[in-house]
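> Here's a structure for you.
Since every read-out is calculated from the coordinates, none of them should be taken as a lab result. Given the structure is predicted, the values throughout are model-derived calculations rather than measurements. We place every Cβ from the backbone using ideal geometry, glycine too, and count neighbours over all the protein chains shown.
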């Protein structure tokens, strides 16, 4: 198992980390316009990627609904448990919100998509597109509620979610899955080329974002968040996967995705709502560092358990 974990790290995680490092170095030497990179990801590369992968997907509507349940039920269960525990400890409200968001919401986009592609190929990308949709719904609704709790903010950030194109692209792609074979050659070529551009752009963007967040954290806060996000969340997700009968596929990918780092969107929410952006940034940075180890281990475990049954 140890040898398999090392091999997975070298074959799957190391190429991803090298591309993230390229973004870090580029941001240090030639600062990038992060807003432009984020716009390219959110409004061009991600929508095209999702449309391409989902129209090629063979998942049934029933499986799509189950993926949504497996993504969102563990989040709800952990949110309640963490809230009650932190209330008992009399934690500061802003820190409590940042810790809960940091422990719940994983980076299904510019980290999860490359991992799914490297580990499970194009079929992994199709499933990851749906995971990303459900995760973003969770972040912008549940996450917004957590961060805004008691601060008197309106619905601006929640309603802003509906301006993002990926939601409508996913719906359109699901409707057109049975017609992908009829797409003209020129459209197929454009989809393939644009879709292939997402992974390097997403990882360079992630590296550039992390550069601005790198600093020594408050381990009393960040340590528990890393434990919850990188170990407890995938364990709870695994239970949900087995209970809903999604093992081995697409359950294996959902478990691996849940072991990923804290979503960058949690930091954006904290900035938007005047929350604890410092703690949110620490959660994103240090869970990303730690996920290099934990995702390798979780991926090795699911591949060992699902031998011969996974893409």
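> If you average the alpha carbon positions of the range 8-54 and of the range 123-141, how far apart do those two centres end up, in angstrom?
About 17 Å separates the Cα centre of the range 8-54 from the one of the range 123-141.
> Only counting other Cβ atoms within 10 Å, I'd like 178, 276, 52 sorted with the fewest neighbours first.
Ranked by crowding around the Cβ, least crowded first: 178, 276, 52.
> Which residues does a label at residue 304 reach in the range 1-45, if reach means a backbone N under 11 Å from a point 7 Å past the Cα toward the Cβ?
1-6
> Of the candidates 184, 47, 248, which one comes out as most mobile in a Gaussian network treatment of the chain with C-alpha springs shorter than 10 Å?
184
> Between residue 164 and residue 73, what's the calculated FRET efficiency when r is the beta-carbon distance and R0 is 25 Å? Round to 0.05.
0.60
> Further, regarding this structure: If I take the Cα coordinates of the chain and project them onto the principal axes, what are the three extents in Å, biggest first?
58, 41, 38
> In degrees, nearest 10, range 0 to 90: what is the angle between the Cα axis of helix 112-138 and the longest Cα principal axis of the chain?
50
> How long is the gain from residue 179 to residue 214 if the chain were fully straight, where each residue apart is worth 0.36 nm and the alpha carbon distance is subtracted?
In short, 8.0 nm is gained.
> GNM, the chain, Cα, under 10 Å: largest mean-square fluctuation among 267, 203, 227?
227
> When the chain is treated as a GNM, springs tying every alpha-carbon pair under 10 Å, which of 214, 263, 22 comes out with the largest mean-square fluctuation?
214
> Okay, next question. Quickly work out the residue 192-to-residue 43 label distance, labels modelled 7 Å from Cα along the C-beta direction, and quote it in nm with one decimal.
So the two model labels end up 2.9 nm from each other.
> While we're here: Just want to confirm a number: the relative contact order over the chain, from Cα pairs under 8 angstrom separated by 6+ residues, in percent.
That works out to 35 percent.
> Which angle between 0 and 90 degrees, to the nearest 10, do you get for helix 233-243 versus the longest principal axis of the chain when only C-alpha atoms count?
That works out to roughly 50 degrees.
> Right, here's the next one. Rank the residues 257, 270 as a footprinting-exposure proxy: fewest other Cβ atoms within 10 Å of their Cβ go first.
With the sparsest Cβ surroundings first, the list reads 270, 257.
> Need one word for the range 167-307: rounded, prolate or oblate. Basis is the Cα gyration tensor (sqrt eigenvalues a ≥ b ≥ c); a/c below 1.5 gives rounded, then a/b vs b/c decides.
oblate
> Which of 8, 75, 100, 95 comes first, and how do the rest follow, when ranked by fewest Cβ neighbours within 10 Å?
Starting with the residue having the fewest Cβ neighbours, the order is 95, 8, 75, 100.
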